[in-house]
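S.K.: One structure coming up, written as structure tokens, with questions to follow.
Just so it is clear, none of the values below were taken in a lab; they were calculated from the coordinates. Predicted, not measured: the structure shown is a model, and the values here were computed from it. Quick reminder, even Gly has a Cβ in these numbers, built from the backbone with ideal geometry, and neighbours come from all protein chains shown.
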Amino acid sequence: MKSLVCVSCEGSDTKIVVFSKTKEGLKINKAFSLSMSKADALTTSDISDPTDLGMDNLSDDLSFEDIGSLDEVPSEVDSTDIGFISSNLKDVDLNKSEFIPILTEPVVNYHFYEGRKEKNRVKQLESIIADISKNRNITVRKDYLDYIDLDDKSLFSAFIQGDNSCVNLVNSLASYNNRRFYKIPTIKNAEASLAHYVTKINKFFPEDYTLILYTGRDYSKLIFLKGNSLKHIGSTLDVGTQNLHTYDVYFSKILLEMENGNIPRLDNVILCGEDNSENLILSFYGTFPEANVSELKIENLDLVDLNEDTKSKISSFAIPISAGLEYFEEKEKKYRGINILPKYIHENQKLFQFGWHGFLVLPLIFLAAFYFTYSILTNVQDIKQKDQEIVHLNQIIAQNKTITDQITKYSSKISNFGQTQAILDSASSGAEVWSKMLVKVSDFMERRRSFWITKLTSLKNGEVQIDGYSLSRSVLTKFTDYNNSSLLNSISYDQLRDQDAFAYTLHFNLKNEMVKPNGP
């Protein structure tokens, strides 16, 4: 459940109220107060307003904040006080909560503007700033100032002028819980919020003058109303329940502020804060007998989670309660009060800080990211297609290599075929010569039975040596004469069994294919 934590700081007195919104309405979950150990612990200028360090110029640059947590609470803040606050808020989910710092004097100053009213809010702020500079010689920044309408002729404005103590307290609490910051949607003004709450629950006559007296531990506030509008804010009194010895100081101060605020009388007196005693009420009746004196009633809020002691003094939390109720009204668009949120606080709560030109560059960053993402995805798709093509081409290369190897084998066979063909042609030509020669020899031997061949030997230059036997010398002479390409080299007598025979050696020339026999 999202909670609203309202923090009111003034001097050493700090009051904290935790709101939550339920179906039945608004509920106060916690309400407690403490006196800070160091009254000036939260008024260090080095963290309250970084504009003195030139942070205004730095905020225009694009920067990425460190999202990590802080290690420790700043040394100028008493960790005991922060630890006490943290322990009281341990049941609240602070990471999802919103914090509303509530400021008053001397951190906040006031100005009643009675000049020309502008319809444009920016121009109205400029007019108020100019009026403050003219009448009070004070320079105010736009983000440090806000205003509300009082009537048709005047405006009430509040602007931050001192150290932002409540914001420092919230930041210290975040640091204590290892957070860089807690969400601060706005900063409220104590007097304006309290005045609005009183007029909301009390309907005064338009001509009535009302005093709201808020008594604190170390201080008191005087707020004057006319009808249901803010009329005058008196200076903060440095007296409270801790140092108040007599109520006469109230009445002298009230009379002085009535004179300063042009207030002729008091018709109503509303008492709230730490002192709601009967003695204070009776004292007012004695000084202002015609005034209607009453204690501020906190109504229409669920207080069931609070203990009886806190319920009995709930009026002392009137300022943080008023600021919280005003904020809820603003969220429901029912009312618009004083809302001050300096630019540096708004910027510090961003994860990424951009100046005006940073916001111009931001669309370009998204466009560039989209372009590069699209290009990368497109290139990845192209790479996949190229990889598929490479795989396909590698397969083709492997197939072509196989075909090339086959072609090489066939080429080798084809080249060898030429040689083989030449050999075959040569062999065919020789075979024909041999065939003719053998035919001739066979024809001759068929007619001469006493002649036969035992050996054929191929010689160089196309000659063939024929060795054999014959029973007649004349047959050898006739064979030589039958084929004019033959030459009888030798003849010798050799006994074959019981017959006389002649061994011969004859050279036959194969080149002479057109040999014509001389006749048998």
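S.K.: What trypsin sites (Lys or Arg not before Pro) in the range 86-188 are in a loop by DSSP, with at most 10 other Cβ atoms within 10 Å of the Cβ?
M.R.: The qualifying sites are Lys90, Arg116, Lys119, Lys153.
S.K.: For the residue pair Ile281 and Asn137, what label-to-label distance in nm results when each label sits 7 Å from Cα along the Cα-to-beta-carbon direction?
M.R.: Each label point lies 7 Å from its Cα, and together they span 4.8 nm.
S.K.: First measure r as the distance between the Cβ atoms of Lys153 and Thr246, then evaluate 1/(1 + (r/R0)^6) with R0 = 41 Å and state the FRET efficiency to the nearest 0.05.
M.R.: The formula returns an efficiency of 0.55 here.
S.K.: Another one. Counting only other residues whose beta carbon sits under 15 Å from that of Asp91, what net charge do I get with K and R as +1, D and E as -1?
M.R.: Net of charged neighbours comes to +3.
S.K.: What ³J(HN,Hα) values, in whole Hz, does the Karplus curve 6.51 cos²θ - 1.76 cosθ + 1.60 give for the range 380-392 when θ = phi - 60°, with x put for Gly and Pro?
M.R.: For the range 380-392, the Karplus curve yields 4, 5, 4, 5, 4, 5, 5, 4, 5, 5, 5, 4, 4 Hz.
S.K.: Now, a different point. Name the shape class, rounded, prolate or oblate, that the alpha-carbon gyration tensor gives for the range 188-297, where a ≥ b ≥ c are the square roots of its eigenvalues, rounded holds for a/c under 1.5, and otherwise prolate holds if a/b is larger than b/c and oblate otherwise.
M.R.: Judged from the Cα gyration tensor, the range 188-297 comes out rounded (a/c under 1.5).
S.K.: Only bridges with both residues in the range 188-297 count here: give the DSSP antiparallel percent, nearest 5.
M.R.: 55
S.K.: Past 24 Å, Cα to Cα: identify those pairs from Lys2/Lys90; Lys15/Lys90; Lys23/Lys96; Lys21/Lys350, in the order given.
M.R.: From Lys2/Lys90; Lys15/Lys90; Lys23/Lys96; Lys21/Lys350, over 24 Å: Lys21/Lys350.
S.K.: Using R₀ = 51 Å, calculate the FRET efficiency as 1/(1 + (r/R₀)^6) where r is the Cβ-Cβ separation of Thr454 and Ile397; round to 0.05.
M.R.: The pair Thr454/Ile397 has a calculated efficiency of 0.20.
S.K.: Between beta-carbons, use under 12 Å as the cut-off and find the net charge around Thr457, counting Lys and Arg +1, Asp and Glu -1.
M.R.: Spelling it out: positives minus negatives among the neighbours equals 0.
S.K.: Of the GluC sites (Glu not before Pro) in the range 273-349, which ones lie in a loop per DSSP and count no more than 11 other C-beta atoms within 10 Å?
M.R.: Those that pass, being in a loop and sparsely packed, are Glu290, Glu299, Glu332.
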